[in-house]
Amino acid sequence: MTTRDVDKTLHVLEEKAEDELSFLASIGPEFYPTRQLHRLLGQWEIKNRIYHQVHHLLIIVAGLAPIWLFSGLASTFLGWYAFTILFFTLFSASLLVFFVGLWFLRHNFQGQGHHDVIGEMILFELEKRNVENGC
């Protein structure tokens, strides 16, 4: 293994370690103490709430895009050209915000499926430990 490969591998491990939830998914929750799993569950809940709020906002923004488009077409037929420019600009901005928001979610949360799996892993491990301890 060359030095470049070792450096690249270390860099990838450092990046994953910075995001504890992704690191937990790669090594498994059984290696974490219960206290840290509870802390990670809280961190997961916060990230989950942020994800759903941003996702909901993006759905609203995407839903507004056809309204702006049809409003622009209607204002064109009515001869209101200033409104036509405004509505088509809003249409373009809505699409841009939607796609940038999707990129943001994918970049920071790696998709909802990945995020859900991490939450299930933490909850399953905590439940397993509660059963083992008789709680």
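The values are calculated or read from the model by the stated rules, or taken from the named source; none is laboratory data. Remember, predicted model here, so these are calculated numbers, not experimental data. Ideal geometry is used to build each Cβ from the backbone, glycine not excepted, and the neighbour counts take in all protein chains shown.
When you scan the range 32-91, how many residues do you find that are polar (S, T, N, Q), more than 30 Å from residue 122 (Cα to Cα) and in contact with a helix residue (DSSP H, G or I) (Cβ under 6 Å, 6 or more places away or on another chain)?
Going through the range 32-91 one residue at a time, the tally reaches 4.
Could you tell me whether the range 87-101 includes any residue that is hydrophobic (A, V, I, L, M, F, W, C), under 13 Å from the mean Cα position of the chain (by Cα), closer than 18 Å to residue 49 by Cα and part of a helix (DSSP H, G or I)?
no
Select from the range 29-42 the residues that are buried (at least 17 other Cβ atoms within 10 Å of the Cβ) and in a helix (DSSP H, G or I) and list them in ascending order. Step through it out loud before you land on a result.
Just the residues of the range 29-42 that are buried (at least 17 other Cβ atoms within 10 Å of the Cβ), to begin with: 29, 32, 37, 40-41.
Those that are buried (at least 17 other Cβ atoms within 10 Å of the Cβ) and in a helix (DSSP H, G or I): 29, 37, 40, 41.
Just to be sure, is residue 118 aliphatic (A, V, I, L, M), surrounded by fewer than 17 Cβ atoms within 10 Å (Cβ to Cβ) and either under 30 Å from residue 49 (Cα atoms) or at pLDDT 90 or above (or both)?
No, not satisfied.
Give the range 62-81 a look and list any residue that's modelled with pLDDT of 95 or more, among the small types (Gly, Ala, Ser) and either over 26 Å from residue 102 (Cβ atoms) or loosely packed, with under 14 Cβ neighbours inside 10 Å (or both), or say none.
63, 74, 75
Among the polar types (S, T, N, Q), at pLDDT 90 or above, surrounded by 14 or more Cβ atoms within 10 Å (Cβ to Cβ) and out of contact with any Phe, Trp or Tyr (no Cβ under 7 Å at 6 or more places or on another chain), is that true of residue 84?
For residue 84, the condition - among the polar types (S, T, N, Q), at pLDDT 90 or above, surrounded by 14 or more Cβ atoms within 10 Å (Cβ to Cβ) and out of contact with any Phe, Trp or Tyr (no Cβ under 7 Å at 6 or more places or on another chain) - is met.
List the pairs whose first member sits in the range 43-54 and is under 15 Å from residue 102 (Cα atoms), whose second member is at pLDDT 90 or above and crowded, with 16+ Cβ neighbours inside 10 Å, and whose Cβ atoms are under 7 Å apart, counting only residues at least 6 apart or on separate chains?
From the range 43-54, the pairs are 54/101.
Hey, could you check the range 94-111 for residues that are without any contact (Cβ under 8 Å) to a residue 12 or more places away in the chain and of a type outside the set (Gly, Ala, Ser) and say which is surrounded by the fewest Cβ atoms within 10 Å (Cβ to Cβ)?
This residue is 107.
Quick check on my filter: what residues within the range 102-113 are at pLDDT below 85 and either in a loop (DSSP other than H, G, I, E, B) or under 8 Å from the mean Cα position of the chain (by Cα) (or both)?
107, 108, 109, 110, 111, 112
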